[in-house]
Amino acid sequence: MPAIRIVTDADGENQYLLDLSRPPTRKGVETLKKRARRLADAQQSITEAVDKIRRLTMSNHLPEIRLRHGFVRLSIPASPNSSDRSAPKPEHRPPSTRLMSPNGIALKLELIALFEAQTRTQPGLRPLDNTTPLREVSDGDMCWSNYIASGAQSTVGDGYLMSAQDKKFRQLGTALDRLKKEGLIHSPNHERRADKHQGFRLMREDARRGHTGDFYRVPDAAEEYFTIPATLVTNGWIYVLEDSELALLLIAARLRAKHGDVTVRLEAGPRVLNYCLSRDSFEAHRMLKWLGLLDVTVDDDRRPNGRVENYAKKGALPHGLRFLPAGLDKDAFSAVRDEVQYQLRRVKPQP
């Protein structure tokens, strides 16, 4: 059954649109319910992180984040033995899809760190020493653990106590370990037993695992780069989007930079071999479309259930993508929460 979607336009007026998209499947419903619980658990932490991250732009407004193309795309395709159902092995992927994880925050932290560096560094230059502490020393301090969000809750057990802040700090350490392993940061104090990543330095964001990289320098006109609005971070999208959604959004932003504000069909070959995004991860386009961050064009012969008429004879056109940067102007938490609730309401209760 078609649903009525209420969309608020730029003037604050409600528009009522007929939604012909297929409702979530049974598996999708369970995924959405879990997402709703994670959002609720992390709401306060997200609010605090957004407040802290916005302070970084108080003295130097940063309209967009610059990213080298190699962060999301391999210039030399990965092994042709890769299939559409499984992306190449992590060591053969570009950093954006190499860092993807269902529970980790390494991809989010990398983007936050690049944002932080660019708020204090001019294009073409290397950021000065990273003096921001990893954890909060006194209330209100700017620190790296306050730039991330977590739904972790304090735990009290028999002779055991761990606060939500301790859990978040541990999560930060795990993410920094991952970035170091991938060659994306240099930790001069890595031999310490505690706070071994204090003073970490960014390496180039297009670094390949196992290859000697160079220290990070903000891209300038001397090399190719693409941009994504800084509202990805300052409006909280970095905290509420799944890694697969972030990776696909970055791909769409790069396509917009290369081809202009047009729809670009992303064929399976480049998607798998250059961007290293599997078919399952590509399904992130559904939520991104629902949120108004992507315009997605499908084959005219594709049915609501996803199948294509006469597929055996003529195949199917790949999905077309167009990045909608203005969509990031919305408050991310509210947008995702409301969309998840809307999609769950579309599903008829079981008798």
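The values are calculated or read from the model by the stated rules, or taken from the named source; none is laboratory data. Everything numeric here is computed off the predicted structure, so don't read it as measured data. A quick note on method: Cβ atoms are made from the backbone with ideal geometry, for glycine too, and the neighbour counts reach across all protein chains shown. Ligands, DNA and RNA are excluded from the accessible area calculation, which covers all protein heavy atoms including side chains. Shrake-Rupley method; radii C 1.70, N 1.55, O 1.52, S 1.80 Å.
Observations on the model:
- Flag if Tyr147 is modelled with pLDDT of 95 or more, open to solvent by less than 20 Å² (accessible area, probe 1.4 Å) and over 20 Å from the mean Cα position of the chain (by Cα): no
- Qualifying residue in the stretch 209-220 (condition: in contact with a Leu (Cβ under 7 Å, 6 or more places away or on another chain) and of a type in the set (Lys, Arg)): yes
- Taking the stretch 171-210 as the range and being free of Cβ contacts under 8 Å to residues at least 60 places away in the same chain and surrounded by 19 or more Cβ atoms within 10 Å (Cβ to Cβ) as the test, only Met203 passes.
- Output for the stretch 272-295, where each listed residue is more than 14 Å from the chain's Cα centre (by Cα), assigned to a helix (DSSP H, G or I) and within 22 Å of Arg93 (Cα to Cα): Val272, Leu273, Arg279, Asp280
- Against the test of being in contact with a Ser or Thr (Cβ under 9 Å, 6 or more places away or on another chain) and either modelled with pLDDT of 95 or more or farther than 21 Å from Leu99 by Cα (or both), the options Asp280, Asp243, Asp301, Asp261 yield a single qualifying residue, Asp243.
- Pairs, first at pLDDT 95 or above and among the aromatic types (Phe, Trp, Tyr) in the stretch 332-345, second surrounded by 14 or more Cβ atoms within 10 Å (Cβ to Cβ) and not in a helix (DSSP H, G or I), C-beta under 7 Å, six or more apart: Phe333/Gly236
- Exclusive hit being surrounded by 14 or more Cβ atoms within 10 Å (Cβ to Cβ) and assigned to a loop (DSSP other than H, G, I, E, B), set Val218, Val233: Val218
- Criterion: assigned to a loop (DSSP other than H, G, I, E, B), open to solvent by 90 Å² or more (accessible area, probe 1.4 Å) and either among the aliphatic types (A, V, I, L, M) or on the phi > 0 side of the Ramachandran plot (or both) - qualifying residue of Val137, Val156: Val137
- Residues in the stretch 175-207 that are assigned to a helix (DSSP H, G or I) and more than 23 Å from Ala40 (Cβ to Cβ): Leu176, Asp177, Arg178, Leu179, Lys180, Lys181.
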